[in-house]
């Protein structure tokens, strides 16, 4: 286990080192088990809507309430990041995450369900932000892009596998069993972290005279970081808007897919698992701005396809949106980790807060568009968000060559 733990320390590794492959697997699996609860519930959104007898927008907001908790936790963890033991913080967060996950199985109404999703978000974001800070602090500049890409790839995989598991378990054993199973996955994540993440001291890179609040303000004063935070907001706004409400399009005529079929639809994330791994290389070769622009363009191309009445075209559109948004997220996340020369924990926490607030806003705004004006209006809103992200990308300076 000592050798496996050492793979999490990327400093000094080179791209051809066998240890990098193991490091990427461990980082990706940690990410998977950290955020698997976030998107898996979307696969059973129609079933939950029927179970609680509410509108799609109301259920969509309740499910996405976890992003509210993640936004809050991102700021709080970022604020106190210099004083938090990384390993212990990640461990405690994942163990506590299993509690609200298990309680969701018996949530009596939508209000309780929503509060438990917020609690899930608080725990997920704590683990997520501390892991990003850990990677930013422990990875050399040469390896940082690959490490962050591996972490986002695990996030992508959680979207695919998590949704498949959720749809399959709920369809076979019922909604309650679904949440019990995911509680076990949360605990498995804690076990993985226990055996793989090295115990390191918090990084006290902050000048003694600078408070965490002052450090956060300093990050907001940076045009580059400010633009990156806003890009993160737009990315999850678009992603959540796409993959929440397309569920209702898929289960309604003329497509009319069943719950299990809806789960298999999320193989559309499989290409993203592969493409996101190359985000670090793309940034190193072409630069941050061209990489993000290309990713956003790919996502935009997929939007009109999702308005089709033919399943193949809708699926192709979902594939393109998934590839584009995840690739852009990996580029932006890596940029924040490198652009923040100090107080990286605070920078990562701020980015995550903006990112998840974007998801919450996407669920609320696009949910209302979906309920009142239909799917085409939601797709138009997604397109606007991608366009804004592209404009903001002009403010990101190219990363210096390693």
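The values are calculated or read from the model by the stated rules, or taken from the named source; none is laboratory data. Just so it is clear, the structure is predicted and the values come from calculations on it, not from any experiment. Methodologically, a virtual Cβ is constructed for each residue, glycine included, from the backbone with ideal geometry; neighbour enumeration extends over all protein chains shown.
Does residue 289 satisfy the criteria of being surrounded by fewer than 22 Cβ atoms within 10 Å (Cβ to Cβ), out of contact with any strand residue (DSSP E or B) (no Cβ under 7 Å at 6 or more places or on another chain) and in contact (Cβ under 8 Å) with a residue 12 or more places away in the chain? Here the answer is yes, as residue 289 does meet what is asked. Per the listing 299, 339, the residue uniquely touching a helix residue (DSSP H, G or I) at 6+ places or on another chain (Cβ under 7 Å) and at pLDDT 95 or above is 299.
Among residues of the stretch 70-89 that are within 23 Å of residue 198 (Cβ to Cβ), those with a beta-carbon under 8 Å from a residue that is outside any helix (DSSP H, G or I) and modelled with pLDDT of 80 or more at least six positions away or on a different chain give the pairs 77/84.
The residues in the stretch 368-402 that are crowded, with 17+ Cβ neighbours inside 10 Å and modelled with pLDDT under 85 can be counted, and the count is 1.
From 103, 97, which residue is farther than 23 Å from residue 357 by Cβ, in contact (Cβ under 8 Å) with a residue 12 or more places away in the chain and assigned to a helix (DSSP H, G or I)?
Selected residue: 103, the only one of 103, 97 that is farther than 23 Å from residue 357 by Cβ, in contact (Cβ under 8 Å) with a residue 12 or more places away in the chain and assigned to a helix (DSSP H, G or I).
You will find that of 171, 109, 85, the residue that is out of contact with any helix residue (DSSP H, G or I) (no Cβ under 8 Å at 6 or more places or on another chain) and surrounded by fewer than 24 Cβ atoms within 10 Å (Cβ to Cβ) is 85 and no other. One residue stands out in the stretch 313-348 among those that are over 17 Å from residue 280 (Cβ atoms) and without any contact (Cβ under 8 Å) to a residue 60 or more places away in the chain: the one that is surrounded by the fewest Cβ atoms within 10 Å (Cβ to Cβ), namely 341. Scanning the stretch 26-57 for residues that are part of a helix (DSSP H, G or I) and without any contact (Cβ under 8 Å) to a residue 60 or more places away in the chain, we see that the one that is surrounded by the fewest Cβ atoms within 10 Å (Cβ to Cβ) is 50. A single entry from 229, 237, 233, 245 fulfils the requirement of being under 19 Å from residue 316 (Cβ atoms) and under 23 Å from the mean Cα position of the chain (by Cα): 245.
For the stretch 88-119, the set of residues classified as under 12 Å from residue 179 (Cα atoms) and within 20 Å of the chain's Cα centre (by Cα) consists of 97, 98, 100, 101, 116, 117, listed by residue number. With respect to residue 210, is the statement that it is within 25 Å of residue 23 (Cα to Cα), surrounded by fewer than 16 Cβ atoms within 10 Å (Cβ to Cβ) and at pLDDT below 70 true? Taking the combined requirement at face value, the residue does not satisfy it. The single condition from (1) over 19 Å from the mean Cα position of the chain (by Cα); (2) touching a residue at least 40 places away in the same chain (Cβ under 8 Å); (3) surrounded by fewer than 17 Cβ atoms within 10 Å (Cβ to Cβ) that residue 267 fails is (1).
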